[in-house]
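Undergrad: Just passing along the structure, written as structure tokens.
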Amino acid sequence: MTGTPKEQQARRQLRPTDVKRLNRDWRRRTEARLGLLVESVTQPFNMGSIIRTAAVFGVEHLWLAGNAVEPTHRNAAKTALGTERLVPWEHAGTPAKAAAAIRAEGLRLVAVELTGDAVPLHQAPLDGDVCLAVGGEDHGCSPALLAEADAVAYIPQIGRVGSLNVAVATAIALAEARRREWAT
């Protein structure tokens, strides 16, 4: 721990009403619309984690494509801890249909994937109204989804592991999208 003993004693976790006040302050600072497209994430616990993270960062709509498990799956809902009711969602079918629905909502589509033309996430075009897209656990975003994306970004990694869990990658990408808006 850092700080003097007196500062350490004064430190305490926020009470629920303080957390609500803090979150309300951040919502007031947030203007950009944020969507999420999840393609072929088949593990319910990953989907539940993604939904909970989407609710935390104010995702206004979740589109599913491919064989993505639905948020109503028992194990997805168990992991989402009730947050599945806070994020409107629809199964759009194919990535092309999902992209069309996303564009009809006025959102730019940015896939999170490792491709030859991907830019580091911190340089990705995440300003304004954007929808992030993530792909399945084993294979990532499909070629069909990548063809629909307006841009592709990757999460820089320096360790000896080549990839992140899809739920963790989604959390990092959603956090970066909001951080960018809040930093301006």
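Undergrad: Top to bottom by accessible area (1.4 Å), largest first, where do Thr94, Thr170 land?
TA: So the residues, ranked largest to smallest area, are Thr94, Thr170.
Undergrad: Of Gly82, Ala98, Ala169, which is farthest on the positive side of the dipole of the stretch 26-184, counting Cα position, with +1 on Lys and Arg Cβ, -1 on Asp and Glu Cβ, and the Cα centre as origin?
TA: Most positive-ward Cα: Gly82.
Undergrad: Please report, in debye to the nearest 20, how large the charge dipole of the stretch 68-167 is about its Cα centre when each Lys and Arg carries +1 at its beta carbon and each Asp and Glu carries -1 there. Let's see the in-between values first.
TA: Numbers: 7 positive and 12 negative charges, 58 e Å.
Charge dipole of the stretch 68-167: 280 debye, to the nearest 20.
Undergrad: Now for a separate question. I need the fraction of alpha carbon pairs in the stretch 75-184 separated by more than 18 Å, rounded to a whole percent.
TA: Percent of Cα pairs beyond 18 Å in the stretch 75-184: 54.
Undergrad: Here's a follow-up. Heavy atoms only, 1.4 Å probe, whole protein assembly: order Val161, Val168 by accessible area, highest first.
TA: Val161, Val168
Undergrad: Can you give the accessible area of Leu14 in Å² (nearest 10), computed on protein heavy atoms with a 1.4 Å probe?
TA: The value for Leu14 is about 90 Å².
Undergrad: Tell me, in nm to one decimal, what length is gained between Leu14 and Arg85 on full extension, where the rule is 0.36 nm per residue of separation less the Cα-Cα distance?
TA: Gain on stretching Leu14 to Arg85: 23.1 nm.
Undergrad: Moving on to the next point. How would His122, His61 rank on accessible area, largest to smallest, probe 1.4 Å?
TA: His122, His61
Undergrad: Which value, in Å² and to the nearest 10, is the accessible area of Glu181 when all protein chains are kept and the probe is 1.4 Å?
TA: Surface open to solvent at Glu181 totals about 40 Å².
Undergrad: Assuming 1.567 mPa s and 4 °C, estimate D for the chain with Stokes-Einstein, Rh taken as the Kirkwood radius over Cα pairs, in µm²/s.
TA: Value of D from the Cα-based Kirkwood radius: 75 µm²/s.
Undergrad: Oh, and also: How large is the accessible surface of Asp129 in square angstrom, using a 1.4 angstrom probe and rounding to the nearest 10?
TA: Number for this one is 50 Å².
Undergrad: If you don't mind, another one. Name the residue from Ala10, His122, Thr53 whose Cα lies farthest towards the positive end of the charge dipole of the stretch 1-132, charges +1 on Cβ of Lys and Arg and -1 on Cβ of Asp and Glu.
TA: Farthest towards the positive pole: Ala10.
Undergrad: Taking the Cα atoms of the stretch 48-119 alone, what are Rg (to one decimal) and Dmax (as a whole number) in Å?
TA: 13.2, 38
Undergrad: What is the sum of charges around Val166, taking Lys and Arg as +1, Asp and Glu as -1, for the other residues whose C-beta is under 13 Å from the C-beta of Val166?
TA: Numbers: positive: none; negative: Glu39, Glu113, Glu137, Asp138.
Summing Lys and Arg as +1 and Asp and Glu as -1 gives -4.
Undergrad: Considering the alpha-carbon set of the stretch 123-184 alone, what are its Rg and its Dmax in angstrom?
TA: Final numbers for Rg and Dmax: 12.4, 35 Å.
The values are calculated or read from the model by the stated rules, or taken from the named source; none is laboratory data. What you see is a predicted model; the values in this text were computed from it and never measured. Cβ atoms come from the backbone with ideal geometry, glycine included; neighbour counts cover every protein chain shown. Side chains included, ligands, DNA and RNA excluded: accessible areas come from the protein's heavy atoms. Shrake-Rupley method; radii C 1.70, N 1.55, O 1.52, S 1.80 Å.
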